[in-house]
1. Please enumerate the residues belonging to region A:46-71 that are crowded, with 18+ Cβ neighbours inside 10 Å, more than 7 Å from every other protein chain (Cβ to nearest Cβ) and among the β-branched types (Val, Ile, Thr).
2. Those residues that are assigned to a loop (DSSP other than H, G, I, E, B) and touching a strand residue (DSSP E or B) at 6+ places or on another chain (Cβ under 6 Å), I need them from region B:236-268; list them, please.
3. Of all residues in region B:65-75, which are buried (at least 16 other Cβ atoms within 10 Å of the Cβ) and either closer than 15 Å to B:Met111 by Cβ or more than 13 Å from chain A (Cβ to nearest Cβ) (or both)?
4. Report yes if some residue within region B:134-156 is touching a Cys at 6+ places or on another chain (Cβ under 6 Å) and either on the phi > 0 side of the Ramachandran plot or not basic (Lys, Arg) (or both); otherwise report no.
5. Among the residues of region B:7-26, are any away from chain A (no Cβ under 14 Å) and either free of Cβ contacts under 8 Å to residues at least 24 places away in the same chain or surrounded by fewer than 19 Cβ atoms within 10 Å (Cβ to Cβ) (or both)?
6. Name the helices (runs of 4 or more DSSP H) wholly within chain A that hold at least 2 residues that are among the small types (Gly, Ala, Ser)?
7. I'm checking my understanding of the structure. Among residues of region B:84-108 that are of a type in the set (A, V, I, L, M, F, W, C), within 7 Å of chain A (Cβ to nearest Cβ) and in a loop (DSSP other than H, G, I, E, B), which one is nearest to B:Lys71 (Cα to Cα)?
8. Could you tell me which numbered condition A:Gly21 fails, if it satisfies all but one of (1) more than 11 Å from chain B (Cβ to nearest Cβ); (2) touching a residue at least 40 places away in the same chain (Cβ under 8 Å); (3) within 20 Å of B:Phe84 (Cβ to Cβ); (4) of a type outside the set (Lys, Arg)?
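The values are calculated or read from the model by the stated rules, or taken from the named source; none is laboratory data. On a predicted model such as this, the values are computed, not experimentally measured, just so you know. Here the Cβ positions follow ideal geometry from the backbone for every residue, glycine too, while neighbour counts run over all protein chains shown.
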Amino acid sequence: MKTVITSTGNNAKSNFDLRFGRAAWFCVLDEETKKSTFYRNEQADATGGAGVKAAEKMVELGVSKVVSGDFGPKAKDLLEKFNIQMVIIQDDRITVKEIISRITKSK
Amino acid sequence: MKIAVASGKGGTGKTTVAVNLFHILSTKHNRRVQLIDCDVEEPNAHLFFESKQVGPEHTATQLIPSIDNNKCTYCRKCAEWCEFNAIVVIPPAHFAEVNPSLCHSCGACLMACEYGAITEHPEGIGTIRNYDPGNKGILTEARLKIGSAMQTLLIKKVKQQAMNDREVIIYDAPPGTSCPVVETVADADYVILVTEPTPFGLHDLKLTVALLREIGKPFGVVINKAGLGDRKMYAFLSQNQIELLGEIPFLRSYASLYAKGEMLRHIPDNIAGEYGVIIDKVMAKGSGR
């Protein structure tokens, strides 16, 4: 199963990004292999529709769960349509690595 | 003559000035005037009149594309061409959809599609109404549908309601300096900027002056609520050689009439006189053209 964690930077030491559509990076964690890959969010600076495009990206990446600070209504609609679970954490002082370890430990 | 009343800062008195000019031009100067409320997100000019709606209500529409899944090959070309991220195409899921709230009806996706899978259909963005305000003038307003982002298109459509027999058309602009304001002033012969003599009023007036200078519109300034704040506004106007058309003094009694919706029923003499001066100055700009 793949999970995306929104990230402010391109590695696991980066802080968690509270924004979904305008997150700087997406960290894709493969929960089986525990490998994580970082993708730059090309739409972070879009004038509009960033959330929809981010949701589209999630479907393309084949993820089943997204961890972010919040989700806008248009992104939410699309994620729901594709049965992608949304997990909200509202703490931007934690790193992506800490979220990864929470996910992998709970297994 | 087309006159736009704009401000930059909200709450300076654009509608107050627009409504007074409209009323005084109609009643005292016997001009055939139409006031078009271009503040489509919150049209409120009609509140100052005991106005009756005349004629039918029109629905303004925009063309929204829809994608036929039987013809779509999920090539993503339309989504790539869309400047507004309004199209979502997910090829493996055979998913292609247009998000109407992001669509600006530019038509690019129709040009992009090589398979004839995209067609357009009209969708409402707001309503347009005409009122009889009881002063021989005509009042027209547009009201944007909640959630629609098409203010600019709706402003374009409400301005098409301008009547040929009118000598003066007044546009009451929305606040700010963005696209809706540019659209409102685009075909105006003259712009009246309403401001207040406060640091906030001055800050936003500077932005609006820069905008009007860039698009080359003639304009002058009306200071509303004169007597409040400080003198920096006056210094800015004289340093930049901007014409001060008039000053409406701040009067608590006038503000309370406004709050009761009775502003036009009891216009104090000194204020009516000031509007008379503004009207003479502005109308002279029109005849000099």
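1. A:Val63, A:Val66, A:Val67
2. Passing the criteria: B:Ile242, B:Glu243, B:Phe250.
3. Within region B:65-75, B:Pro65, B:Ile67, B:Cys72, B:Cys75 qualify.
4. Within region B:134-156 (the criterion being touching a Cys at 6+ places or on another chain (Cβ under 6 Å) and either on the phi > 0 side of the Ramachandran plot or not basic (Lys, Arg) (or both)), the answer is yes, since at least one residue qualifies.
5. Yes; the residues of region B:7-26 include at least one that is away from chain A (no Cβ under 14 Å) and either free of Cβ contacts under 8 Å to residues at least 24 places away in the same chain or surrounded by fewer than 19 Cβ atoms within 10 Å (Cβ to Cβ) (or both).
6. Ranges flagged: A:50-61.
7. Of everything passing the filter in region B:84-108, B:Ala86 is nearest to B:Lys71 (Cα to Cα).
8. With respect to (1) more than 11 Å from chain B (Cβ to nearest Cβ); (2) touching a residue at least 40 places away in the same chain (Cβ under 8 Å); (3) within 20 Å of B:Phe84 (Cβ to Cβ); (4) of a type outside the set (Lys, Arg), A:Gly21 is out only on (1).
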